[in-house]
Every structure is written in C-alpha cells, then in structure tokens.
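See structure below.
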Amino acid sequence: MSLPLLTSAPGKVIIFGEHSAVFNEPAVAASVSALRTYLLVSAAQDPKVVELDFPDIKFDKQWSGEALATIAAGVQPEAVTDSRELNADLSNALESLLQPLSGSLHYQAAYCFLYMYFSLCGTRTGVKFTVKSSLPIGAGLGSSASLAVCLALALGKLGGHLKHGTESLTKEELAFVNKWSFIGEKCIHGTPSGIDNMVATYGSAVLFQRLPSGETKSEQILSFPQIPMVLTNTRIPRSTKVLVAGVKDLIVRQPEVMKPILESMGVVASSGAQILSQLTDANYESLCELVRVNHGLLVALGVSHPGLELIKSVGDSMNIGHTKLTGAGGGGCALTLLSRGARPEEVEKFKRTLESEHNYKTYTTGLGGPGCGYIAPELVQQNFSSIEPLFRKDSTASDLNKVLLPSSGSFQWIH
Ligand SMILES: Nc1ncnc2c1ncn2[C@@H]1O[C@H](COP(=O)(O)OP(=O)(O)OP(=O)(O)O)[C@@H](O)[C@H]1O
Ligand SMILES: C[C@@](O)(CCO)CC(=O)[O-]
Ligand SMILES: [Mg+2]
C-alpha cells in the first residue's frame, strides 16, 4: 500500500449508560459531528524507523527496525492473530518499548499503536504516523476510541487487510475496524464496553449492549433528533482507565448495593432510547428526567467531581436545563439538555458564566454525524503540501475543521 494515507473518526457523546455499559447494561451514544480525530500516515524521513508524531499530547517517538524485529522474534505468531482479548505474549513483549513511557499519557497511546501495528503490519519501517484531533483529549468525548479507529482503518489498509481503493467501506471492512479499534481501546483502558469505538466506527447514534458472552448487540437509532444541548469541558484531567477500575472495585466491595444501581442505569438507557426514537414536546420532560436520574446514579458510582457538580449547580440555579456528566467522568465533560423554554440569551449567559468565571470550555456541535472514513490516496498525494501543515503542533481545531471536516471541508471523504 502506497503512502500517504489520511483517515478520520468522530468523537462521541454518551447520552445514557456510561460505566453501566461495561457491565452489560444497555447504553445510548451519538457521534459528534464537528469533533474528530485525523491520522496522516506518510513516509518517514528515515526508512529504517517507525515514527509517531502525536503533537496533541506532545509525544514524538521513533523506534528502530532492529528494536521492532527483536520484539517480533520473541512473539509466537499466534500472538498476533485477531481475537477479542489482548494477547499476553505480545503485551509482555511490548513492555520493553513501553516501559520508559510508563505513567504518562504517552504510554496508552503508544501501547494502542504498537499492539495494532505488530498485529496488522508486522515490522514494516519507513512510516510516520501523525495524529491531530479537534476533540479535547481525555475529557469524556471518546478521544481514545477515535484514535483507535483512525489507526485500525489506516493499519488495516497498510497491512493489506482492507482494500486500497476509493470505494466505500464495506460492512465487513467496518466490522474489521470496529473489532481492531476495540482491541486498541483495551490497550488504552483495560475493559472497554465497546460503545465508544462502535460510534467512532459507524457514526450516527446507537443503542448498544455488551452481552455476557462478549458479543455486542447494537441498534442504529436512525432518526436521532438534534436535541438542544450544551457540552461543557471542565478541563479537569482524568483517565478513563482509572475511573473504570474504581467502579469495578466499588462493585466488588458492595455487590448487593451496586447491582440494582447498574440495572437501573440500564433501564434509564433503554427508556431514553425509546423516547429519543419518537421525541415529541409531550415526552421531552421525561427525557430531561432521565438525564437527571442518570447523573444521580453516576454520582452513586463515585465518578462525578466537584467541577462537574458546579456545571449542574449553575445550570440548576439558572433553571436552564438538566445536566449529567458524560463519558467516564471524574472531570472532563458534562452535557446539559436545555429546557424547552430556555431563551437563547439565558443559554449564552450560562455558557459565559462557565467560561469566564470557571475557565471551562463549552461546545456547540451537532450529534449523529458520519463515522470513520478516508480521503482517496491520490487526492492526499496531490494536496500533501496543504494537508501536512495541518498536522503540525501549532495548527488549531478550527484550522483542521476548515479543511478536513467531512461535508463542509475541502475534500470528499469516503465512508
Ligand atoms: N489526539 C490524540 N493524540 C494522541 N493520543 C491520544 C489522542 N486522543 C486520545 N489519545 C490517547 O487516549 C488517551 C485518553 O483516553 P481516555 O479514554 O482516558 O479519554 P477519552 O477517550 O477522551 O474519554 P472517554 O473515554 O471518557 O470518552 C490519552 O491518554 C492518549 O493516550
Ligand atoms: C466509562 C465508559 O462507559 C465510557 C467511556 O466513554 C467506558 C466504556 O464504556 O468503555
Ligand atoms: Mg476513552
């Protein structure tokens, strides 16, 4: 497969069911139209290395062909066959490359990359991977899953597992991307439910459930309504891996207490999905009520944060809408579903208060946009000199969106 290659995937908003999704309860999520991750795969200057350039997390790393070959020599071929579980041999072998990065955001990103690279492309060298995202990183909007999906699509093509053409992605190809991005998410946070990578792969909105067998059940919510909401990022850093592990520990300590809470969250999600599929003025209040209840249950799981409660408190005291944390919590983002009667000037005041008094960032983005995609390789080649600068550290989310956002940018994306 010739270079360069350009892939992209969206972030997501979980409307109902974060955390309980990991414990086989249903959950509802939608992709976010204007917040996406982009991956450019190009020829590395040095043909003997593999290079990662991830400016969003200030990570630039090269591994030599010899270092990669040493790892590959120590791993049984069956370690790299596709499976739903991470292979311990490959994970252990990668530790020598990853150990110097331990304890940093770089570790998770490098683990996700290296695991998929060995599995799908072997020890090929002379390739550089540059990632830029208009999503906030580690803030609950699925940045890790969108990265894993961009990588799975690009590595699938680079390794010859997916077609190298200009045709739309087939059902089988999307299933391949979904499967490998789930593996990538496992490297990043251990026990993902799979909802984030599914939304980043397929886009749109889904009612999702992981079954005890490990299979997943999902239903596209085709007529997902544009619900009026404000997304607010507290900018408080947190890690999905740590939060998910914390919930697991709580469940081990208090199984009898936590089981009905998780089940209740599942009922909230399926009732919410039902309302969303036939949203009217008459049932909007029930949707708001479910948002409130879901947040309360997440508080009981211990994944809120005073910074998230502040958004809820400002929203409640202005009577603007109904707030719940979204994603793994512990900081990061909350969504506020606006009340039917909320006036635009009140919504502006709500956003202004959060931004100017608390240094939070608010987002207005549509929900339910396209999933993963790529730009035809010839187009990337022809426009490389205008595309490549977008992947440098000083380019902004709006620079990326202006040129690369599917539907409004300068290029036709293939989905
Ligand atoms: N643009 C990016 N560049 C490099 N690494 C990234 C990028 N986006 C995500 N990552 C990796 O994903 C990790 C963040 O994943 P994490 O699951 O904790 O947060 P999230 O996906 O944004 O939130 P949530 O899982 O709650 O939706 C980072 O530590 C980093 O390793
Ligand atoms: C916290 C969680 O439910 C959502 C993270 O966006 C984890 C997962 O489902 O993988
Ligand atoms: Mg994540």
Exercise. Among the residues of the stretch 340-360, is any under 22 Å from the mean Cα position of the chain (by Cα) and away from ligand 3 (no atom under 16 Å from the Cβ)?
Worked result: yes
Exercise. Among (1) within 19 Å of Met116 (Cβ to Cβ); (2) of a type in the set (A, V, I, L, M, F, W, C); (3) at pLDDT below 95, where does Val50 come up short?
Worked result: (3)
For this session: Would you be able to tell me the number of residues in the stretch 168-193 that are surrounded by fewer than 24 Cβ atoms within 10 Å (Cβ to Cβ) and outside any helix (DSSP H, G or I)?
Result: 5
For this session: State the number of residues belonging to the stretch 123-162 that are part of a loop (DSSP other than H, G, I, E, B), more than 16 Å from ligand 2 (Cβ to nearest atom), touching a strand residue (DSSP E or B) at 6+ places or on another chain (Cβ under 9 Å) and modelled with pLDDT of 95 or more.
Result: 3
For this session: Would you check if Gly296 is at negative phi and surrounded by fewer than 20 Cβ atoms within 10 Å (Cβ to Cβ)?
Result: yes
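Among the listed residues Asp60, Asp82, which satisfies the condition of being outside any helix (DSSP H, G or I), at pLDDT 95 or above and either of a type in the set (Lys, Arg) or surrounded by fewer than 16 Cβ atoms within 10 Å (Cβ to Cβ) (or both)?
Of the residues listed, the single one that is outside any helix (DSSP H, G or I), at pLDDT 95 or above and either of a type in the set (Lys, Arg) or surrounded by fewer than 16 Cβ atoms within 10 Å (Cβ to Cβ) (or both) is Asp60.
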For this session: Find all pairs meeting these conditions: Cβ atoms under 6 angstrom apart; at least six residues apart or on different chains; first residue within the stretch 1-19 and over 16 Å from Asp196 (Cβ atoms); second residue part of a loop (DSSP other than H, G, I, E, B).
Result: Met1/His164
Seminar exercise, completed: Reported set for the stretch 42-53 where residues are part of a strand (DSSP E or B) and either surrounded by fewer than 24 Cβ atoms within 10 Å (Cβ to Cβ) or in contact with a His (Cβ under 8 Å, 6 or more places away or on another chain) (or both) is Ser42, Ala43, Val49, Glu51, Leu52, Asp53
Problem set entry | Enumerated helices (runs of 4 or more DSSP H) restricted to the stretch 208-322, each holding at least 2 residues that are under 28 Å from Pro344 (Cβ atoms) | 255-277, 281-300, 306-318
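Yes/no matrix, rows are residues, columns are (1) in the same structural domain as Glu167 (by TED's automatic domain parsing); (2) over 15 Å from Arg235 (Cα atoms); (3) among the hydrophobic types (A, V, I, L, M, F, W, C); (4) away from ligand 1 (no atom under 16 Å from the Cβ):
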position: Ser304; (1), (2), (3), (4): no, no, no, no
position: Lys312; (1), (2), (3), (4): no, yes, no, yes
position: Met318; (1), (2), (3), (4): no, yes, yes, yes
position: Gly327; (1), (2), (3), (4): no, no, no, no
position: Leu338; (1), (2), (3), (4): no, yes, yes, yes
position: Gly341; (1), (2), (3), (4): no, yes, no, yes
position: Glu345; (1), (2), (3), (4): no, yes, no, yes
position: His358; (1), (2), (3), (4): no, no, no, yes
For this session: Restrict the check to the stretch 186-199 and report whether at least one residue is within 16 Å of ligand 1 (Cβ to nearest atom), among the polar types (S, T, N, Q) and in contact with a Leu (Cβ under 9 Å, 6 or more places away or on another chain).
Result: no
Exercise. Identify, please: which residue in the stretch 200-228 is among the aliphatic types (A, V, I, L, M) and within 16 Å of ligand 1 (Cβ to nearest atom) and is, among those, surrounded by the most Cβ atoms within 10 Å (Cβ to Cβ)?
Worked result: Ala200
Problem set entry | Every residue from the stretch 141-176 that is farther than 30 Å from Ala93 by Cα and either within 16 Å of ligand 3 (Cβ to nearest atom) or not charged (D, E, K, R) (or both) | Leu141, His164, Gly165, Thr166, Ser168, Leu169, Thr170
Problem set entry | Whichever residue in the stretch 168-198 is more than 16 Å from ligand 2 (Cβ to nearest atom) and among the acidic types (Asp, Glu) and, among such residues, is farthest from the chain's Cα centre (by Cα) | Glu172
Problem set entry | In the stretch 305-359, the residues that are of a type in the set (S, T, N, Q), touching a residue at least 60 places away in the same chain (Cβ under 8 Å) and surrounded by 15 or more Cβ atoms within 10 Å (Cβ to Cβ) | Thr326, Thr336
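Please determine, by comparing only the residues of the stretch 1-27 that are in a strand (DSSP E or B) and away from ligand 1 (no atom under 14 Å from the Cβ), which one is farthest from the chain's Cα centre (by Cα). Walk me through it before giving the result.
So the first thing to find is which residues in the stretch 1-27 are in a strand (DSSP E or B), and the list is 5-16, 27.
Next, only the ones that are away from ligand 1 (no atom under 14 Å from the Cβ) stay: 5-6, 16.
On the way: Leu5: 20, Leu6: 18, Phe16: 16 Å.
Among them, the one singled out is Leu5.
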For this session: Mind listing whichever residues of the stretch 235-286 are polar (S, T, N, Q) and away from ligand 2 (no atom under 12 Å from the Cβ)?
Result: Gln254, Ser264, Ser270, Ser271, Gln274, Ser277, Gln278, Thr280, Asn283, Ser286
Seminar exercise, completed: Taking the stretch 93-122 and keeping residues away from ligand 1 (no atom under 11 Å from the Cβ) and outside any helix (DSSP H, G or I) leaves Ser102, Gly103, Gly122
Exercise. On the given criteria, is Gly165 over 27 Å from Gly329 (Cβ atoms), part of a helix (DSSP H, G or I) and over 17 Å from the mean Cα position of the chain (by Cα)?
Worked result: no
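The values are calculated or read from the model by the stated rules, or taken from the named source; none is laboratory data. Just so it is clear, the model here is predicted, and its values are computed rather than measured. Cβ sites come from the backbone with ideal geometry, for glycine too, and all protein chains shown count toward neighbours.
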